[in-house]
Amino acid sequence: QRPPSVDSTSFGCVGIGFDSQSGDYKVVRFVTNYFEENEDEGLMGDWNHQVELYSLKSDSWEEISVPGVQPYGSPLFNNYVNGFYYWQAIGDSDYLILSFDMVNEKFSALPLPEFGGSLAEYYLELLEFNGLLGAIVYPREGTDKSFDLWVMNGSWTKQFSIESLPRVERPLGFWKNGELFLESSDHELVLFDPSTRELKSLGIHAYQETMQIIAYVESLVPINGRSEREELIIRRPAGDASD
């Protein structure tokens with residue numbers, strides 16, 4: 001339920017995952033409610049946070065407890081790994097990783113890997129690597145980039161490093177045999193083979209920092225729940241190209 005006096009609402013970080021115990025697909029989303037200043041009633045402009053959880057099986061939303069830290073950013077990858085969804089987050093004075101358990105519906109926090117730098121100097125992106133939570137770290141500046149992959153398996157360990165790749169901007173995800181998709185400085189999709197150190201152009205271009213790799217898995221799960229209210233859906237007749 002939204003507070004009755006809320007003026008506007010925005011939606012922030014979202015996570016989608018599967019509850020293996022109940023066989024249910026779930027969505028968790030972070031909500032910010034804004035309240036306008038009202039001098040006549042002595043109210044100051046303010047806001048509050050909510051967290052909402054959707055169950056596909058019951059086709060319903062419920063409010064759950066807000067964690068003590070705030071997730072931020074738009075992940076490059078689908079950070080759902082073995083029943084948990086992960087976000088980068090900020091606490092009272094430090095950066096960390098926030099996780100949500102899709103079975104127990106509980107939040108918890110993990111430390112960042114100790115990679116020998118700060119987030120002012122390095123990008124850190126979370127991703128799935130061989131069934132485990134991974135973090136890939138690379139410098140913000142420079143035309144030649146190096147990439148360190150850290151993996152969480154009880155604790156953070158550095159899996160491997162890729163040194164000094166020319167004319168690349170950012171990682172997009174791993175493929176088979178440890179090959180790494182990257183966005184080049186020309187905003188082209190390239191594939192790096194760590195065994196040969198070959199960069200292969202794949203002939204796909206995009207606007208800067210809009211390219212994304214998404215793992216596609218076929219599914220027969222219906223998503224036409226009744227919470228998609230009919231009166232809020234604007235349907236265009238077939239063949240109608242007008243606005």
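Read-outs throughout are calculated quantities, based only on the coordinates presented, and are distinct from any laboratory measurement. Just so we're clear, the structure is a prediction, and the values are computed from it rather than from any experiment. Backbone-built Cβ (ideal geometry, glycine too); neighbour counts: all protein chains shown.
Remark: C-alpha extents of region 49-148 on the principal axes read 50, 32, 20 Å, sorted largest to smallest. For residue 158, the lysines whose Cα falls under 19 Å of its own Cα, not counting residues fewer than eight places away in the same chain, are 145. Compactness of region 68-207, taken as the C-alpha radius of gyration over 2.2 N^0.38 Å, stands at 1.08. What is the diffusion coefficient of region 1-111 in µm²/s, taking the Kirkwood radius over Cα pairs and the Stokes-Einstein relation at 4 °C with a viscosity of 1.567 mPa s? Once the numbers are plugged in, D ends up at 85 µm²/s. Full extension of the chain segment joining residue 34 with residue 207 gains 59.0 nm, where the gain is 0.36 nm per residue of separation less the Cα-Cα distance. Working from label points 7 Å from Cα in the Cα-to-Cβ sense, the residue 179 to residue 157 distance is 2.7 nm.
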